[in-house]
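Novice: I have a structure I would like to understand better, so I am pasting it below and will then ask my questions one at a time.
The values are calculated or read from the model by the stated rules, or taken from the named source; none is laboratory data. Values in this document were obtained by computation on a predicted structure and should not be read as measured data. All Cβ positions, glycine included, derive from the backbone under ideal geometry; neighbour counts span all protein chains shown.
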Amino acid sequence: MEKIKALKCKECGKEYPVEPIHVCEFCFGPLEIEYDYDYIKSIISREKIENGPKSLWRYVDLLPVDNPTVGLSAGFTPLIKAEKLGEKLGLKNLYIKDDSVNHPTLSFKDRVVAVALSKAKEFGFDTAACASTGNLANSVAANAAASGMNCYVFIPANLETNKIIGSLVFNPTVVAVEGNYDDVNRLSSEVANEFGWAFVNINVRPFYSEGSKTLAFEVAEQLGWKAPDAVVAPLASGSLYTKIWKGFNELRTVGLISDNPPRMYGAQASGCSPIYKAFKEGRDWIKPEKPDTIAKSIAIGNPADGPYAVKVAKESNGDMEIATNEEIIEGIKLLAETEGIFTETAGGTTIAVLKKFAEMGAFDPEEVVVAYITGNGYKTMEVLEGHLNTPIHIKPSLHEFKEKVIGEKVAK
Ligand SMILES: *Cc1c(COP(=O)(O)O)cnc(C)c1O
Ligand SMILES: [Zn+2]
């Protein structure tokens with residue numbers, strides 16, 4: 001593969017051949033794809049991308065896959081100018097990158113799974129697996145079904161009902177582990193060591209995580225080949241956030257944009273904020289914690305890419321904030337009422353944190369700010385119970401309608 005030189009340890013720099021491996025044998029650091037950017041620069045262009053498929057595969061030259069076969073419709077989601085929300089927050093150029101409508105399972109995870117399983121197929125795997133907080137399981141199960149792979153997904157047993165059903169419908173083996181995501185992840189690592197499966201976020205993780213870069217590529221292209229001034233994105237393992245940063249930097253490296261990359265603002269739930277705490281306390285290491293938040297899709301107490309996310313926040317002149325359960329629900333409602341977009345708890349966290357930063361004056365009113373909405377509200381509806389107006393119940397009569405809905409006094 002000419003565009004890729006090797007896998008490279010992010011800590012000690014030792015190089016490895018391109019194989020389904022993810023940790024350095026010497027220092028246990030994570031492995032990352034090492035590209036040949038000079039070569040990529042010679043084959044890539046805006047025109048080539050614009051004439052490519054209407055999916056994330058239009059950026060295949062910057063992805064670790066030769067022959068995409070899984071998730072062919074993933075990505076290419078709308079970038080929406082958020083006029084009404086922007087007005088509320090005093091931002092004239094606010095955009096929503098709306099991955100709540102990603103294909104096929106309505107979250108940003110359809111990006112990483114398309115890349116991971118296309119690569120898994122290239123490696124010759126016939127079984128897909130993952131450790132998941134919900135959305136990843138949905139996407140692995142759907143894409144495995146569509147591409148004829150066997151599938152095992154591992155989830156915490158206390159997930160939202162709709163997220164569990166959203167995996168079961170594709171008929172994978174769903175393993176509900178009694179414990180939190182970090183317990184699920186630990187077990188999955190042991191299983192991955194013993195069974196020859198493609199665990200998308202374990203042994204295939206170096207390839208999986210590259211899929212998140214397309215969130216940067218698409219935004220830049222949709223803004224007319226420009227980088228925004230600032231972005232707000234949620235943090236679970238910290239992978240998505242660090243890869244958005246990497247994506248904008250790569251576009252500069254290969255000459256597709258000339259702007260500086262954006263300031264990176266990170267969002268966590270106050271009930272699970274180990275990355276936020278490390279950043280605020282000036283630590284480059286993560287103190288693991290036990291999650292207790294309604295934002296289950298981003299509740300990772302021991303985040304693998306936490307230290308790298310802290311570094312990105314610093315390097316980009318960004319910042320991090322947290323949102324309480326109440327603020328998360330307010331965030332969900334605010335986005336719905338202003339922009340007509342129904343996001344899940346992770347998106348509620350992002351909007352709550354966007355609002356905080358806007359109120360703190362972190363953005364100039366004219367700046368281009370992009371908030372990444374990563375998941376769909378129809379999957380976590382139960383969190384809104386008791387927080388919304390209720391329907392007005394009436395008999396099927398015009399009289400009752402006028403009296404109870406319009407509030408007219410009508411003679412009987
Ligand atoms: C998984 C997930 C994230 C963040 O994932 P990272 O592990 O930080 O890459 C954000 N939002 C939603 C809805 C998710 O499912
Ligand atoms: Zn190493």
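Novice: Search the range 177-201 for residues being buried (at least 24 other Cβ atoms within 10 Å of the Cβ) and not in a helix (DSSP H, G or I), and hand back the single one that is farthest from ligand 1 (Cβ to nearest atom).
Specialist: Step by step, filter the range 177-201, then rank; the result is Trp197.
Novice: Looking at the range 252-275 only, could you name the residues that are free of Cβ contacts under 8 Å to residues at least 60 places away in the same chain, closer than 26 Å to Ile40 by Cα and not charged (D, E, K, R)?
Specialist: Of everything in the range 252-275, those that are free of Cβ contacts under 8 Å to residues at least 60 places away in the same chain, closer than 26 Å to Ile40 by Cα and not charged (D, E, K, R) turn out to be Ile257, Ser258, Asn260, Pro261, Met264.
Novice: Continuing with this model, one more query. Starting from the range 284-308, keep only residues that are assigned by TED's automatic domain parsing to the domain that holds Gly377, then list their pairs with residues that are β-branched (Val, Ile, Thr) and assigned to a loop (DSSP other than H, G, I, E, B) whose Cβ atoms are within a distance under 6 Å, requiring at least 6 positions of separation or different chains.
Specialist: As it stands, the answer is Lys296/Thr133; Ser297/Thr133; Ala299/Thr293; Gly306/Ile286, since those pairs meet every condition given.
Novice: Moving on. Taking the condition of being in a loop (DSSP other than H, G, I, E, B) and either touching a residue at least 40 places away in the same chain (Cβ under 8 Å) or in contact with a Gly (Cβ under 6 Å, 6 or more places away or on another chain) (or both), how many residues in the range 139-148 meet it?
Specialist: Result for the range 139-148: 1.
Novice: Next up: So, Ile328, is that one outside any helix (DSSP H, G or I), closer than 21 Å to Thr345 by Cα, in contact (Cβ under 8 Å) with a residue 24 or more places away in the chain and not aromatic (Phe, Trp, Tyr) or not?
Specialist: In short, no.
Novice: Restricting attention to the range 149-190, which residues are under 19 Å from the mean Cα position of the chain (by Cα) and polar (S, T, N, Q)?
Specialist: Asn162, Ser167, Asn185
Novice: Same structure, new question: Hey, does the range 285-292 have a residue that's in contact with a Pro (Cβ under 9 Å, 6 or more places away or on another chain), at pLDDT below 95, farther than 19 Å from Ala371 by Cα and assigned to a loop (DSSP other than H, G, I, E, B)?
Specialist: no
Novice: Of everything in the range 309-368 that's hydroxyl-bearing (Ser, Thr, Tyr) and within 21 Å of Ser237 (Cβ to Cβ), which residue is nearest to ligand 2 (Cβ to nearest atom)?
Specialist: My answer is Ser316.
Novice: Here's another thing I want to ask about it. Pick out the one residue from Lys10, Lys81, Lys88 that is within 16 Å of ligand 1 (Cβ to nearest atom), touching a residue at least 12 places away in the same chain (Cβ under 8 Å) and surrounded by fewer than 19 Cβ atoms within 10 Å (Cβ to Cβ).
Specialist: So the residue among Lys10, Lys81, Lys88 that is within 16 Å of ligand 1 (Cβ to nearest atom), touching a residue at least 12 places away in the same chain (Cβ under 8 Å) and surrounded by fewer than 19 Cβ atoms within 10 Å (Cβ to Cβ) is Lys10.
Novice: May I ask you to say which residue of Phe76, Phe125 is modelled with pLDDT of 95 or more, in contact with a Ser or Thr (Cβ under 6 Å, 6 or more places away or on another chain) and assigned to a loop (DSSP other than H, G, I, E, B)?
Specialist: The unique qualifying residue is Phe76.
Novice: Step by step: first the residues of the range 1-51, then only those that are assigned to a loop (DSSP other than H, G, I, E, B) and closer than 20 Å to Phe248 by Cβ, then the one that is nearest to ligand 2 (Cβ to nearest atom). Which residue is that?
Specialist: Lys10
Novice: Could you grab me the full set of residues in the range 344-393 that are modelled with pLDDT of 95 or more, assigned to a loop (DSSP other than H, G, I, E, B) and surrounded by 16 or more Cβ atoms within 10 Å (Cβ to Cβ)?
Specialist: Glu344, Ala362, Phe363, Glu367, Thr374
Novice: Which residues, counting only those in the range 208-236, are away from ligand 1 (no atom under 14 Å from the Cβ), in a helix (DSSP H, G or I) and of a type in the set (Phe, Trp, Tyr)?
Specialist: Phe217
Novice: Looking at the range 54-70, is at least one residue surrounded by 15 or more Cβ atoms within 10 Å (Cβ to Cβ) and more than 21 Å from Leu256 (Cβ to Cβ)?
Specialist: Taking every residue of the range 54-70 in turn, at least one turns out to be surrounded by 15 or more Cβ atoms within 10 Å (Cβ to Cβ) and more than 21 Å from Leu256 (Cβ to Cβ).
Novice: Does Gly348 satisfy the criteria of being touching a residue at least 24 places away in the same chain (Cβ under 8 Å) and either farther than 15 Å from Ile80 by Cα or polar (S, T, N, Q) (or both)?
Specialist: yes
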